Structure formats: C-alpha cells, structure tokens
C-alpha cells in the first residue's frame with residue numbers, strides 16, 4: 001500500500017501567490033467548458049444525487065454538497081452493505097445464537113479488514129470508537145502518567161485539547177512555515193525533553209483548514225530518533241490518500257467513519273498495544289471485564305480484558321463498524337490513484353477559479369505550491385463569511401461551511417495575515433468568532449458541476465449579484 005510522502009511537493013498546477021492574495025471586485029463569469037481543466041468522472045458513487053435545494057428566488061436545484069471535510073455522504077456501497085447486514089443483526093460477543101455468532105464473526109472480520117486497510121503491523125491493535133475525537137481521548141487517557149505530549153498549535157481541537165484534559169503535560173509547538181520547518185520545530189522541542197521519559201508527538205496528516213499535507217513520515221522519524229512515539233490524526237487524510245502505519249512509522253492512527261463515506265457513528269484507534277493494555281479501561285463495564293470478584297471488604301475486584309475488548313465496553317456499534325469497514329473496502333476497490341486523480345482535477349478547477357476573483361484570498365500555511373487534498377478555505381473582501389456561505393446555499397443550492405472549523409489558533413493566525421474580511425455574527429459551537437472564513441471541501445464522489453457552480457456563484461456574489 002502506498003504511503004504519504006515524507007515531504008510536500010508542488011502540485012501539477014500551482015496558483016500564483018499574487019493571484020491568491022489579490023483583492024478587489026470582479027465581474028467575470030463562468031469560463032466556457034472548453035476552457036476548464038479536464039476532470040475524470042467521480043470514481044465513487046455516493047448517496048444524495050436526488051436531493052434538491054430550494055432557492056430564495058423560487059425553484060430548486062440539485063444540492064451541491066461541498067462540506068465533506070465536516071461529514072461526507074454515505075457511499076452507495078456502504079449503504080448497500082449496511083442494508084444487507086441489518087436483517088442479520090445480533091449481539092456481538094454476547095450470545096450463542098445464530099445471529100449473535102454471525103454478527104461477532106462479521107465484527108471481527110471488519111476489524112481485520114480495517115487493520116489491513118491501514119497497513120497495521122502484526123502486533124497492532126484496532127480499537128473501535130465513536131470518532132477521531134473519541135480515539136484521541138482514549139489514547140490520552142491511556143498514556144503513562146509521566147508522558148509529555150508535543151502538539152502543534154495548528155491542530156484541530158480533537159488533537160489539540162484531549163491531552164491536558166486528561167492530565168498530561170503538553171508542549172505546544174508554534175505554527176510552522178513549511179513542512180521542513182515542522183520537522184525542525186519538532187526536533188528542537190524533542191531535544192529539550194528529559195531523557196528516558198515517555199513522550200508522544202501528535203501530528204495531522206492533512207489540515208482540515210487548508211488541506212495541506214504534513215510530513216508525517218519525517219515527523220515520525222525524528223520522534224523515533226529522540227525516543228518518542230507518534231500518533232497520526234488521519235481524519236482529513238484517509239478520505240484522500242492511502243495511509244500505511246508501518247511505512248509511515250507512526251505508532252497510532254486515528255480517524256472517523258463519517259469522514260470516509262460511512263456516517264454511522266464509528267471511529268478507529270489503531271496501533272501499538274503496550275500502553276493500551278497497561279492502562280485502565282477507557283470505559284468500565286461489560287465486555288471490558290474478564291471477571292469480577294467480590295472483595296474482602298464488600299467491594300468489587302474486576303479483572304480487565306487485554307486487547308481491543310479492554311477499551312470497547314458496552315454493546316459495540318456493530319452497524320457503524322461494518323459501515324466504516326465497508327467504506328475502507330470501497331475506497332480500496334476504486335483505488336486511491338483514481339480518487340487522487342479526480343480530486344486533484346477538481347482542486348485545480350476550484351483554485352484557478354477562485355484565483356480569478358480578485359476579492360478572494362485563499363488561506364495557506366505552507367504557501368500556494370504546497371501539496372494538498374480537496375480542502376480550500378478563503379475569505380472575501382468586504383463580506384461576512386457566515387453571510388456569504390448562507391447566500392451560497394439560499395441562492396445557489398451550495399453547501400459549504402463558514403467559521404473557524406474547530407481549529408481556532410490556526411484560523412486566527414491565518415485571518416490576521418492581511419485579511420480584508422469583515423466581522424460576522426457569532427456562529428456558536430466551535431465557530432464562535434468575530435471573523436471567520438469560508439471552507440470548500442469535496443471528495444471522490446463530487447461531480448465537476450458542483451465545483452463549477454461554486455466558482456460561478458462566488459464571482460456573481462462578489463460582483464454585487
């Protein structure tokens with residue numbers, strides 16, 4: 001299985017820096033189809049083609065879902081797999097009946113398939129959770145008490161906040177200016193840690209704000225050189241690129257089903273077993289306990305399981321797990337080469353289109369030539385991002401996201417770099433902020449028309465349409 005490159009390389013068609021950072025208004029319209037870069041058809045069939053969005057001016061249009069970095073639609077293959085399984089649903093690891101045995105066998109086969117999909121090593125564990133956030137909180141709770149965690153301030157809150165919440169010492173690294181700078185910053189911080197003490201470096205695979213790829217293999221290597229371990233937040237990476245735990249050299253990887261076309265409430269923490277087996281169970285309850293004895297003073301003396309069951313107490317989300325594993329199989333079937341070719345063609349259309357609108361400023365951490373997945377964030381001069389996103393929906397049937405995308409330190413830093421966007425209203429939740437950005441994200445099932453419509457709508461709205 002191919003792995004993520006250790007360093008970022010320039011895309012086939014980079015957007016010039018002066019075009020990205022220009023400001024003003026434009027009256028340009030959508031370019032003729034012949035002028036647009038060619039785009040292969042979507043390699044993955046997803047649900048939602050029949051959904052139509054009502055427009056404030058009357059009528060309706062096919063809904064253009066361009067917020068896949070938040071949650072991707074269900075792949076058709078995933079929905080079919082879930083529908084085929086549901087009549088055979090039964091309790092997992094808890095019954096002797098036919099359906100219980102079938103469900104248990106399916107559940108464990110799905111675990112093996114996810115391990116193979118991630119390129120796990122023979123001794124690695126695959127623990128099923130609710131989400132990436134849940135996976136990283138599980139790992140945070142399982143770390144040795146004297147473990148130091150190093151994390152870049154540019155991380156999503158799911159990777160930024162669990163460590164201190166669970167009582168671990170945290171070293172926050174500043175935003176790097178390039179992939180090489182990220183490696184240098186991590187190496188400098190690791191050198192300052194006490195020798196012989198456990199340490200963990202938390203890294204993202206792809207930014208949920210800019211889509212830029214991070215040098216995962218190089219960061220894992222520098223962590224190993226200093227006796228530290230690495231956990232990869234792959235929530236925004238797995239939908240777009242193959243992840244091989246062994247080749248990347250990371251110790252754990254976490255991701256969510258709802259990012260990979262399986263929105264059924266399951267996540268994964270996969271990797272080394274030693275710290276997980278040595279920790280108290282993440283949840284206390286049935287399934288996590290091998291045996292419970294009565295204590296001499298009337299208390300209870302549980303003997304906990306080892307392996308994934310230790311942290312999977314309660315009835316597991318077998319439907320969500322089957323959906324997640326089915327999504328992994330579907331992505332493997334279409335092949336990441338086809339996924340990447342389709343998404344990069346759409347990404348070129350999008351970035352070239354936005355660069356032709358003088359009012360738009362794309363946000364970037366590593367610069368316009370950095371390799372990235374299908375996620376782009378931008379601000380529009382003189383426009384409130386929340387209101388702009390609402391108009392895209394109400395007037396053009398396009399779903400994007402406005403806010404700080406649960407990455408407040410990174411967004412505030414990027415927005416401070418000369419943004420001409422005007423303050424917007426409080427959005428609540430993760431995005432309660434006076435100045436926000438617009439994020440466009442798509443995937444293997446996105447048709448080119450959705451991206452073309454978005455570019456046309458941005459041009460019209462910035463021209464007073």
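Where a number appears in this text, it was derived from the coordinates with a stated rule and is not lab data. What you are looking at is a predicted structure, and each value in this text was computed from that prediction instead of being measured. For neighbour counting, all protein chains shown are included, and Cβ atoms are generated from backbone atoms with ideal geometry for every residue, glycine included.
Of the peptides 236-249, 171-184, the order by per-residue mean of other Cβ atoms within 10 Å, starting with the highest, comes out as 236-249, 171-184. Once a ≥ b ≥ c are taken as the square roots of the eigenvalues of the Cα gyration tensor of the range 76-333, is the result rounded (a/c under 1.5), prolate (a/b larger than b/c) or oblate (a/b not larger than b/c)? Here the range 76-333 falls in the oblate category.
Prolate is the label for the range 269-413, because the ratio a/c of its alpha-carbon gyration tensor axes (a ≥ b ≥ c) is 1.5 or higher and a/b is greater than b/c. In the set [x] 170; [y] 156; [z] 146, the label that goes with volume of the Cα convex hull per residue in Å³ computed for this structure is [y]. Among 259, 192, the order by Cβ neighbours within 10 angstrom, fewest to most, reads 192, 259. Where both bridge residues fall in the chain, DSSP classifies roughly 60% of the beta bridges as antiparallel. Averaging Cα coordinates gives a centre for the range 387-403 and one for the range 174-236; these two points are 35 Å apart. Exposure proxy shown here: for 282, 63, the number of other Cβ atoms within 10 Å sets the order, fewest to most, as 63, 282. Once the C-beta distance of residue 145 and residue 47 is scaled by a Förster radius of 35 Å, the resulting FRET efficiency is 0.15 to the nearest 0.05.
If both residues of a DSSP beta bridge must be in the range 76-333, then about 50% of such bridges are antiparallel. Classified by the C-alpha gyration tensor, the range 178-315 has an oblate form. Its axis ratio a/c, with a ≥ b ≥ c, is 1.5 or above, and a/b does not exceed b/c. So if R0 is 30 Å, what FRET efficiency would residue 93 and residue 195 give, r being the distance between their Cβ atoms, rounded to the nearest 0.05? E between residue 93 and residue 195, to the nearest 0.05, is 0.10. Taking only DSSP H segments of four or more residues, each worth -39500 (n - 2.57), what value at 222 nm results for the chain once the sum is divided by all its residues, to the nearest 500 deg cm²/dmol? Calculated from helices alone, the mean residue ellipticity at 222 nm is -10000 deg cm²/dmol. Residue ranges 437-448, 306-317 sort as 437-448, 306-317 when ordered by packing (mean number of other C-beta atoms within 10 Å per residue, highest first). First measure r as the distance between the Cβ atoms of residue 225 and residue 60, then evaluate 1/(1 + (r/R0)^6) with R0 = 56 Å and state the FRET efficiency to the nearest 0.05. Plugging the Cβ-Cβ distance into 1/(1 + (r/R0)^6) gives 0.45.
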